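First the structure, in the form of structure tokens, and then the observations on it.
Every number in this text was worked out from the coordinates using simple rules, so none of it is lab data. Here the structure is a predicted model, which is why all the values come from computation and not from measurement. Cβ atoms come from the backbone with ideal geometry, glycine included; neighbour counts cover every protein chain shown.
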Amino acid sequence: MAEAKLIDGKAFAIGLRQRVGAGVTELVAKGGPKPGLATVLVGADPASQVYVRSKGKTAVECGMASFDHQLGADASEQELLSLIAKLNADPTVNGILVQLPLPKHIDTAKVLLAIDPAKDVDGFHPVNVGRLGSIAAGAPLDFPVPCTPLGCSMLLQDALKNLSGANAVIVGRSNLVGRPVAQLLLRMDCTVTITHSRTRNLPALCRQADILVVAIGKTEFVRGDWVKPGAAVIDVGINRIPTAEGKSRLVGDVAFEEAKKVAGHITPVPGGVGPMTVACLMYNTLQSARRVAGLPFVAV
Ligand code: NDP
């Protein structure tokens, strides 16, 4: 059997960012607002700093305004809530992204609840979680949807074209990835099974999957003989492992070399789902700005 086709998330994300950029130009030409993304970082975690910087930089590359806010690691919950209230009221801000995780003394749920659902470009506000949880099959995604799951669904749509009736197995049930991916695939008419750490006989369930999405954070946990021949495999996992040269490299939750011999399509790590997250954040910010301008949802 031929090897799986690589799903090139890096190339897809570049194209998506270009389409978002064109959407921004069109919106401004029609007299709409220049979309604005506000990022909020509390503390100085180096990984979070890198993520926030890359989000701000990509926003500017897409023709948007970027507003970066940094609070000290000892900033109070009230300080953060006051900043969010200010951003909620600011008409130049269409998207608010609070970088997670927050320091332990801040109640994350309270902070996410304080963000205006219309500006919640991460899609974590309970109102948006509820909208996704109750969406009808095929209905437009005219509200913010969590970025990484949205990226997974876009890659699958592009690779498979028609997902209707496909048997989808999701490994992992986090609010960040597993659950929203399941909702998106249900909306695309897949038959969805969500699995987790207590699931019995996981390999057998995975072998039934036409679409296998894995998001657990465990290095090469899903083996090649868990994959149904011809299946589409989306590996969300990002795990850093040491190399023999004393450096480190990124690997996914799927044993890629084994799985690619069996699958029909597969995402690599890195270069698969990873680049889609920031691109989908830009997509969500553009959609928020379009809604402010009273323009209909448009898939770019
Ligand atoms: P969480 O730790 O929040 O959730 C992990 C999920 O995996 C849980 O539902 C857990 O089950 C399940 N799980 C753990 N062990 C097993 C097992 N042995 N068998 C079956 N299920 C298991 O992780 P996230 O969802 O936040 O992230 C998952 C991975 O995706 C990570 O590697 C993360 O780095 C990556 N990621 C990548 C992103 C990107 O590409 N941009 C963005 C977000 C995440 P239970 O609920 O029972 O505990």
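Give the separation of the Cα centroids, the range 47-119 to the range 200-226, in Å.
35
Grab the Cα-Cα distance for Ala136 and Thr193, subtract it from 0.36 nm times how many residues apart they are, and report the gain in nm with one decimal.
Full-extension gain reported as 18.7 nm.
Add -39500 (n - 2.57) for each DSSP H run of 4 or more in the chain, then divide by its residues: what number comes out at 222 nm, to the nearest 500 deg cm²/dmol?
Mean residue ellipticity at 222 nm (helix-derived): -12000 deg cm²/dmol.
Against the longest principal axis of the chain, how steep is helix 9-29, in degrees 0 to 90 to the nearest 10, with axes from Cα atoms?
30
Which residue, Gln78, Gln18, Gln49, tops the fluctuation ranking in a GNM of the chain built on C-alpha contacts under 10 Å?
Gln78
If you rank Thr267, Thr243, Thr148 by fewest surrounding Cβ atoms within 10 Å, what's the result?
Thr243, Thr148, Thr267
Just grab the label-to-label distance for Thr243 and Asp225, each label 7 Å out from Cα along the Cβ direction, in nm (one decimal).
3.0
Take the Cβ-Cβ distance between Asn162 and Ala22 as r, set R0 to 35 Å, and report the resulting FRET efficiency rounded to the nearest 0.05.
For Asn162 and Ala22, the calculated efficiency is 0.85.
Say each of Leu250 and Asn201 gets a label point 7 Å from the Cα, pointing the same way as Cα to Cβ; how far apart are those two points in nm?
The two pseudo-label positions are separated by 3.6 nm.
How large is log10 I(q)/I(0) at q = 0.14, 0.17, 0.28 Å⁻¹ when the Debye formula is applied to the Cα atoms of the range 57-132, each weighted equally and without solvent?
Ignoring solvent entirely, the Cα scatterers give -0.47, -0.69, -1.42.
Estimate the FRET efficiency between Glu258 and Ile14 by the formula 1/(1 + (r/R0)^6), using the beta-carbon distance for r and 30 Å for R0, to the nearest 0.05.
E between Glu258 and Ile14, to the nearest 0.05, is 0.55.
Round to the nearest 10 and give me the degree value, 0 to 90, for the angle of helix 274-292's Cα axis relative to the longest principal axis of the chain.
40
Past 29 Å, Cα to Cα: identify those pairs from Lys10/Lys218; Lys10/Lys260; Lys10/Lys86; Lys161/Lys247; Lys34/Lys161, in the order given.
Listed pairs above 29 Å: Lys10/Lys86; Lys161/Lys247; Lys34/Lys161.
Along the three principal axes, how long is the range 129-235 when you take its alpha carbons, biggest first, rounded to the nearest angstrom?
38, 26, 20
Under a Cβ-Cβ limit of 4.7 Å, which cysteines in the chain have nobody to pair with?
For the chain, the answer is Cys62, Cys152, Cys190, Cys206, because their Cβ atoms have no other cysteine Cβ under 4.7 Å.
Determine, from the Cβ-Cβ distance of Arg53 and Val292 and an R0 of 22 Å, the FRET efficiency 1/(1 + (r/R0)^6), rounded to the nearest 0.05.
My answer for the efficiency is 0.30.
What is the angle, in °, between the Cα long axis of helix 77-89 and the longest principal axis of the Cα atoms in the chain? Nearest 10 is fine, range 0 to 90.
Here the helix axis deviates by roughly 80 degrees.
Roughly how compact is the chain, stated as its Cα Rg over 2.2 N^0.38 Å to two decimals?
1.01
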